[in-house]
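Reading through the structure tokens given below for one structure.
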Amino acid sequence: EAGVAQSPRYKIIEKRQSVAFWCNPISGHATLYWYQQILGQGPKLLIQFQNNGVVDDSQLPKDRFSAERLKGVDSTLKIQPAKLEDSAVYLCASSLIKGARGYEQYFGPGTRLTVT
Amino acid sequence: AQSVAQPEDQVNVAEGNPLTVKCTYSVSGNPYLFWYVQYPNRGLQFLLKYITGDNLVKGSYGFEAEFNKSQTSFHLKKPSALVSDSALYFCALFSGGYQKVTFGTGTKLQVIP
């Protein structure tokens, strides 16, 4: 099966600019996650979707970050305006809920964002 | 609130020796616990999980982990370390009806030839 796809792989922007990341999960995976991973730290959950509904966005900085998952398949994460501290790798993951492989998250390669 | 702790930033072990990477958790309700590995410049990969049942779970690449409810721990182990096991290891906790997820801060495993 195809893995989780993310684009772009790398992005360099200036502070106060906007940026968008795209994620296509594994086919059939109802749950989709966006994480922020700052160098040397563990992934921090930004938002979790179940189909096209949000189940957890408690750590999403909503004044500048937004995310959507139209039609319950692919998803877009946007930052507007970006700050220097947003420099990180943005990881997308997807998972099944039930079955033998339930809850195992499959991660995409990530998008490395550098804000200058 | 739930939390995951990986008390060691780095673990060094000689090749061929057993290795342990520690993880403790705090949660109300039943935990679902996971280990992931991250190689340099690559995404996270699933290693193993505990959902229910046998406290000793076996995973990929010869790794295993033991769920200990009384000590609220889920330590990752391998009987004989390989240089290729050198990577960053993350413990993750799922809980609650909507499966709220929390990752630990990671432990860098260095296997010395």
- Item | Average beta carbon contacts from partner chains per residue of B:24-37, 10 Å cutoff | 1
- Heavy atoms only, probe 1.4 angstrom, no DNA, RNA or ligands counted: give me A:38, A:12 ranked by accessible area, highest first. A:12, A:38
- Message: Give me the one-decimal Kirkwood hydrodynamic radius in Å for the range B:5-113, with the sum taken over alpha-carbon pairs.
- Response: 14.0 Å
- Task: Note down the relative contact order for chain A as a percent, whole number, built from C-alpha pairs under 8 angstrom at least six residues apart.
- Result: 36 percent
- Message: Under the rule of at least 5 residues apart or a separate chain, name every residue whose amide H is placed under 5 Å from the amide H of residue B:100.
- Response: B:95
- Message: I need the phi-derived Karplus couplings for the range A:33-41: 6.51 cos²θ - 1.76 cosθ + 1.60, θ = phi - 60°, integer Hz, Gly and Pro marked x.
- Response: 10, 10, 10, 10, 10, 7, 3, x, 10
- Message: 5 Å is the cut-off here: which amide hydrogens, built 1.01 Å from N in the peptide plane, fall below it relative to residue A:17, excluding neighbours closer than 5 in sequence?
- Response: A:82
- Other residues with Cβ under 13 Å from the Cβ of residue A:53 give, with Lys and Arg +1 and Asp and Glu -1, a net charge of -1
- Backbone HN-Hα couplings from phi across the range A:7-13 [Karplus 6.51/-1.76/1.60, Hz, Gly and Pro as x]: 8, x, 7, 9, 8, 10, 9
- Query: In percent, what relative contact order does chain B have, based on Cα pairs under 8 Å that are 6 or more apart in sequence?
  - Reply: 37 percent
- Note on the structure: Which of A:65, A:21, A:49 fluctuates most in a GNM of chain A (C-alpha springs under 10 Å)? That residue is A:65
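The values are calculated or read from the model by the stated rules, or taken from the named source; none is laboratory data. Please read all numbers here as calculations on a predicted model, not as lab measurements. Please note: Cβ atoms are built from the backbone with ideal geometry, for glycine as well, and neighbour counts cover all protein chains shown. Protein only, heavy atoms only, side chains kept; ligands, DNA and RNA dropped before computing areas. Shrake-Rupley method; radii C 1.70, N 1.55, O 1.52, S 1.80 Å.
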